[in-house]
1. Tell me, yes or no, whether region A:506-527 has at least one residue that is touching a helix residue (DSSP H, G or I) at 6+ places or on another chain (Cβ under 7 Å), under 19 Å from A:Ile97 (Cβ atoms) and assigned to a strand (DSSP E or B).
2. If the requirement is being small (Gly, Ala, Ser), within 18 Å of the chain's Cα centre (by Cα) and outside any helix (DSSP H, G or I), which of these qualifies: B:Gly88, B:Gly60, B:Gly40?
3. Restricting the first residue to region B:193-209 and requiring it to be within 14 Å of chain A (Cβ to nearest Cβ) and on the phi < 0 side of the Ramachandran plot, which pairs with a second residue that is acidic (Asp, Glu) and assigned to a helix (DSSP H, G or I) meet a Cβ separation below 8 Å and a spacing of at least six or different chains?
4. Based on this model, can you work out whether A:Leu35 counts as open to solvent by less than 20 Å² (accessible area, probe 1.4 Å), over 36 Å from the mean Cα position of the chain (by Cα) and closer than 26 Å to A:Asp298 by Cα?
5. Can you list residue pairs whose Cβ atoms sit under 6 Å apart, with the first residue in region A:262-282 being in contact (Cβ under 8 Å) with a residue 40 or more places away in the chain and the second being of a type in the set (Asp, Glu) and assigned to a loop (DSSP other than H, G, I, E, B)? Count only pairs 6 or more apart in sequence or on different chains.
6. Criterion first (more than 11 Å from chain A (Cβ to nearest Cβ), under 27 Å from B:Phe110 (Cα atoms) and open to solvent by less than 40 Å² (accessible area, probe 1.4 Å)) does B:Val72 satisfy it?
7. Within region B:1-28, restricting attention to residues that are over 19 Å from B:Cys59 (Cα atoms) and away from chain A (no Cβ under 14 Å), which residue is surrounded by the fewest Cβ atoms within 10 Å (Cβ to Cβ)?
Amino acid sequence: MSAAAALPGEPKVDLAAARAHGLTGAEFAAIERILGRVPTFTELGVFSVMWSEHCSYKSSRKHLKTLPREGANVVVGPGENAGAIDVGDGWVAVFKIESHNHPSYVEPYQGAATGVGGILRDIFTMGARPIASMDSLKFGAIDHPRTRYLVNGVVGGIGGYGNCVGVPTVAGEVMFDPGYNGNILVNAFSLGLARREDLQSARARGVGNPVLYVGSATGRDGIHGASLLASAEFDAESEAKRPTVQVGDPFTEKLLIEACLEAIKTGAIAAIQDMGAAGLTSSSSEMAGRGGLGVELDLDRVPLREPNLSPYEILLSESQERMLIVAEHGREAELAAVFEKWDLHAVVIGAITGDGRWRARFRGGVVADIPVAALSDAAPLYDRPAAPPGRAPIETRPAAAVARPEPAAAMRALIASPNVASRRMVFRQYDSLVLSNTVAGPGGDAAVLRIKGSRRGLALKVDSNPRACALDPYLGAIATVCEAARNVACVGARPAAITNCLNYGNPERPEIMWQFVRGVAGLGDSARAFNTPVISGNVSFYNETEGRAIPPTPTIAVVGTFADVSLNIKHCFSLPGDLVVLVRTAPPSLAASEYADLFRVAGGALAPIDLVRERRLLDGLVECAQRRLLRSAHDVSEGGMAVALAEACFDSDRGLGAEIEPVATDGDAEAWFGEGASSVIVSAPAENLKAIRDIFAPLEVRPVGRVAAAARLKLGRWFDEDVATLRRLYEEALPGRLGRHD
Amino acid sequence: MKWGVVRFPGSLDDGDALWALRDVLGQEAAPLWHKEESLGGAECVVLPGGFSYGDYLRCGAIARFSPIMKSVARFAADGGLVLGICNGFQILCEAHLLPGALTRNRSLAFVCDFVDLRVENPSTPFTRAAHRGETLRLPIKHGEGCYVAPEDELRQLEERGQILLRYVDERGEATDAANPNGSMRSIAGVANDRFNVFGLMPHPEHAVEAALGGVAGRKIFESIAGAAR
Amino acid sequence: MRAKVFVTPRKGILDPQGRAVEGALKSLGFGAIGNVRVGRFITLEIDAPSRAEAESAVRQICERLLANPNIEDFRFEVDAE
C-alpha cells in the first residue's frame, strides 16, 4: 500500500475519468489492484501515457518478439533508445527510425521538425554523434487540396531542423498515394557513430545517484501529444482538442548534442535518456525500470517555462530538447560545468532509490507513488485477434477497363509521374554535406558515408512499398526489405542490420491486426534470410481517419557496411561502350506497379519471392563491387527497367546515353515497365561478363545493350529520345505540381 | 601557416573547416572558442558556416557581439587575413567588416547544391592560386545567401575589384538562371577594400577531396597559405 | 483602409527566437529585460465599405494565412486612410 495524496481542486478519479484518458475498465481495475487504492489524478495521467499503445507496445510486443534481433555484429539490440552494430575498427553505428505521423498532420512544419529532433536525441543519448538522417514521407494524392501545404510544411520542417542542427539529410523517399489523404506518414531515421567504449546506457544504477534535468524548460507542450494522439484515431473533433503544439528548437538541440557528448567523456554519467513521448514520466520510469531500481523526483525543482504547471502537466509535458541524466554521486558539479560551457543548465531534480518505487513529490506532498515495474514490465499486453478481410484483398485502385497506352507515351508519362519523377526539389532543401562524410548523397540508390580516419564506410537506405503490402501484407513486407537491402547492395555495401517503423491502422480491428502480424512475419523471414537483424524500431498504430486506415506501411531502413568505401558504385553509366546487363531473380510483373496505378490497369497478384535467390543477388552485388567488376549498378523500382535505364543516363556527368536491344515483345509493358521481382541494371566492361555471370549464377544475367556516347536513350525499336528532353520531364514534374522553388 | 577556426554556439561547419585544413591540406589549425578573446596566434581566422545562435534574429546578428569578434575586428584592422564562409560571411557583414548584407534566398527556400563560380579578381590573397575567369565548382547550402547592397556601393565594389566570385552557368556566364539565390549582380563572394577580409556563400571546405565533392575549394585555401608565406 | 497586423507566438508556446534574442540582450548587459517574444508585423491596405467589414476581412485573412493558429496569436488595427 502506497501513499499519494490528491491535490486540492484536482478532478475526481473514477472509471469515467479513466476512460477519458483512454484506459479500459479492466486497465483501470488493474491500476487499483496494483496501488491498492484509487489512483490520484496525477497517477491516472501517468498510467494513461505509460500504458498507451505508443509507450507500452501492448498490441505489438508479442509479435515483435518473433523478429531476429541477434547477430554477430549486434552490439545493442532493441530495448535501449536505439540499436547499435559493430562496423569495424572499434566503431559502432547507432541507429533507429521513428514515426511522427499524427503531429505532422496537425502541424506539418513543427511536427516534422520535432520528429527529426526526437530521433536525433535517441541517437546521441547512446553516446553516438549523429552523422546522417533520412526520412520516409507519405502524402495523399498529389492533387489533393491539402497535399501541397503538407509537403511544404513537412519538407520545410525537416530542413529547418536538420540543417540548423548540423546533421546531413542524406537519403529518403517521398510517395504520393490517395491512401494517405487523411493521414500522412513522417518516419524519421538517424544514425550516429561512437567508439564502442563510449556507448551509453539508459539503465539507471547506483542508489543515491542524483537525477539531473538538462535542456529546455518545461511548458504545456504536447501534453498527451504523442501518447494519446498516436493511440486514437483522428476525427473532426481532434482539430478542436488539439494540445499545445510542440515547437522545435534546433539551436538548443545542437548545444545539447555537443554538451552531452562532452559530458559523456567525463565518465560521470551513469545513465542518460531523452525526454521523448510522455517526457519526464517515461524517461525516469524507464531508466529506473531497466536498472530494477526506484526513483524519486522533486517536481518543484523542474525548470518551468511558465508558472503554475500542475504535477500532472509537469510529468506529462512533451516539451522538446530535454534530457534526463543519472549522474555518478558526487560528480554533479563536473557535469554542471560542461553544460554551463554550452550555456545549458543542469539541475538536480531527484535521486535513484533502491525501493523499486516511482515517486513524485510536489510542494511537500507525494503526488504519485507507483511500483516502477507497473509502468514498464507489468504494463498490459494484448493478443488481439487477427483475421484476414472477408473478401480477397483488392488493388488500391479498382481496375477500369482502360486500354493500355502506347509504350512511348507510357514511358514519358511514367518519367513524369509523381512517384517516379526527380525528388530534387525536396532534397535540395536539405544540407546533405555537413560533417564531410557524404560520399554519395540523395538521388542515388543508397547514401554512402565514409568513416573518417578509416577505409570503412556505411550505406543507408529507407524504403516502403504500401501498394504491395495492400495486395499482400506478408509478401509486401518481404518486397520492402528486399528493395532496401538491394539498394544498399547496389552501391556495393553489405546489408548489415535493419531498423523499422511499422505504420498500420487500428489494431483493435482484426483485419488490421492481421495486416500487422503478416507484415511482421514477412519482415522476420526476410531479415533472417539476409542475416540482417532488426535492432531497433517503432510501431505506429491508429493511422486512420474516420474509420479508413492507411495502406499497411512497414518502413524499412537498411544499413550496410563497406570494408573499403572507395569501392562504392554509382547508379549512373560512366563509360561509352560498356555492356548494359540486366540481373534479376524472377521475371517482372505489373502487380503493385506504378504502371498499373498510373494507367489503372489490372496488375494481378504478387508472385511469391524466393529469398534464397534474393540473397544470391545481394551477395553477388557485394562481391562484384569488391572485385571492381562493375561501373554502375541501379535498382529497378517504380516504372520498371525502362525508367531505371533512363535514370542511369540522367546523372552521368559525361552526358551519356544507352542503346538497348529489343527485349521479348518489343514495347511489352511487363518486360519494360514491370516491377515486383528484384532486378538490377549494371554496366561493366564486356570482358567482365563471364565473371559477373559466374558470381550471380543461377540468376538470370542478360546483356541487353551498350552505354552510348551520344546522349540518347534507345529502347528496342519503340523508344528513341534525347536524354536532355527526358530529363527535363523528370526534373520539372514535381515543381510543376507542387510549386517551384527557384 | 597557422589557422584559427572560430566556434560559435550553433556553428556547424567548424569541424569541416578544421578537417579540410588539418587533415586534408596539412595546415596547422585550431578551434577558437567564442567566449575567448585570444586568436591563438592565428595568421588567418576562419568564421565557419552554421547557424550561430540559431540565426533566430538575423543571420550573424548575435554572433557579432561575442568576445572573440572584438579580437577579430582588431585583427582585421591590423591587416590580418579573415575568411568568412556562409554564416561567417553573414557575421562579417553584420559586423561591418564587409559591405552589404545577406537576405533570404529569392526562392524563400534553403538550397543545397553544387554551383559554378567565376573568379573575378585573382590578384588577392584569397584567389591568387586561381586565374581570372577560372570556374570553380563548389557547394552552397544556405537559406539566406541573397547578397544585397546599395547601387553606389555595388558600383564601388566593381570598380575596386572587391567582387571576387560570381555565380555562373556552365558556359561561364553570370545568367539569372545560374543565380541560385537572387544575389545582386550574381555576387557570391566579396572582399573589403583592403583585401584582407573575404566572405563567400559557397563552401570551399566541402570541396577539398576528390571523393567528396571535388577539389576546387583547395584553390581558396592554397591562395591564403601562399599569401601568408 | 490600412490594417496593421501583429502576429506573436501564442502564450505558453516555446519561442526559440525570443529566447535567443533575450539571451543575447542579457549578454550585452541589458540585464533588466525579460520575456522577449518575437513575432511578425504586417501592414496591408484593404478596400471595404465600412470599418466593420474591413475588420471582419482582416480577421479572416489572419485566421486563414497570416497567423498559424497552432502556434500563433494575432491582433490588428484598422485605420481609415
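The values are calculated or read from the model by the stated rules, or taken from the named source; none is laboratory data. What you are looking at is a predicted structure, and each value in this text was computed from that prediction instead of being measured. Reconstructed Cβ throughout: ideal geometry from the backbone, glycine too, with neighbour counts over all protein chains shown. All accessible areas refer to the heavy atoms of the entire protein, side chains included, with ligands and DNA or RNA removed. Shrake-Rupley method; radii C 1.70, N 1.55, O 1.52, S 1.80 Å.
1. There is no residue in region A:506-527 that is touching a helix residue (DSSP H, G or I) at 6+ places or on another chain (Cβ under 7 Å), under 19 Å from A:Ile97 (Cβ atoms) and assigned to a strand (DSSP E or B).
2. Sole residue among the options that is small (Gly, Ala, Ser), within 18 Å of the chain's Cα centre (by Cα) and outside any helix (DSSP H, G or I): B:Gly60.
3. Every condition considered, the pairs that remain are B:His203/B:Asp16; B:Glu205/B:Asp16; B:His206/B:Asp16.
4. Spelling it out, A:Leu35 is indeed open to solvent by less than 20 Å² (accessible area, probe 1.4 Å), over 36 Å from the mean Cα position of the chain (by Cα) and closer than 26 Å to A:Asp298 by Cα.
5. Once the first residue is in contact (Cβ under 8 Å) with a residue 40 or more places away in the chain and sits in region A:262-282, its partners that are of a type in the set (Asp, Glu) and assigned to a loop (DSSP other than H, G, I, E, B) give A:Ala268/A:Glu328; A:Ala270/A:Glu328; A:Gly279/A:Glu318.
6. no
7. In this case the residue turns out to be B:Gly26.
Conditions (1) open to solvent by less than 40 Å² (accessible area, probe 1.4 Å); (2) within 14 Å of chain B (Cβ to nearest Cβ); (3) in a strand (DSSP E or B), marked per residue:
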{"site": "A:Met411", "(1), (2), (3)": "yes, no, no"}
{"site": "A:Ser436", "(1), (2), (3)": "yes, yes, no"}
{"site": "A:Val448", "(1), (2), (3)": "yes, yes, yes"}
{"site": "A:Gly453", "(1), (2), (3)": "no, yes, no"}
{"site": "A:Ala470", "(1), (2), (3)": "yes, no, no"}
